[in-house]
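Since every read-out is calculated from the coordinates, none of them should be taken as a lab result. Everything quoted here is computed from the prediction, not taken from an experiment. Cβ placement follows ideal geometry from the backbone for every residue including glycine, while neighbour counts extend to all protein chains displayed.
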């Protein structure tokens, strides 16, 4: 039986078989750097502060400049972070609007 490490895909452009892209994706994700508005490196669990007022779509609410967001999580997109806020569930913020505390 073939194992999970034996995944191959056919590249129609080159006409050759090669390893599946998913096999190389974790290594690329581990090297991805997520930076805040001032260029500071962010990591899972960091706290950030908003650098400008943000209107939250679908919540009819505005998060004010200086609001502290605790325990962020990095996403697959290096320009977005997943956050929790008391009044808003499932909040995703752009890294250009936050600064690490």
Open item on the list: Give me the one-decimal nm value for the distance between modelled label points at residue 10 and residue 73, 7 Å along each residue's Cα-to-Cβ direction.
Closed with: 3.8 nm
Open item on the list: What distance in nm lies between label points placed 7 Å from Cα along the C-beta direction at residue 80 and residue 99?
Closed with: 2.5 nm
Open item on the list: Under the 0.36 nm per residue contour assumption, what length would be gained going from the current alpha-carbon distance of residue 87 and residue 52 to full extension?
Closed with: 10.8 nm
TODO: Return an integer: the convex hull volume of the alpha-carbon atoms of the range 47-101, in Å³ per residue.
DONE: 75 Å³
Open item on the list: With 21 Å as the cut-off, how large is the P(r) tail for the range 4-100, expressed as percent of Cα-Cα pairs?
Closed with: 46 percent
- [ ] Figure the gain on full extension for residue 20 and residue 61 (residue separation times 0.36 nm, minus the Cα-Cα span) and round it to one decimal in nm.
- [x] 10.4 nm
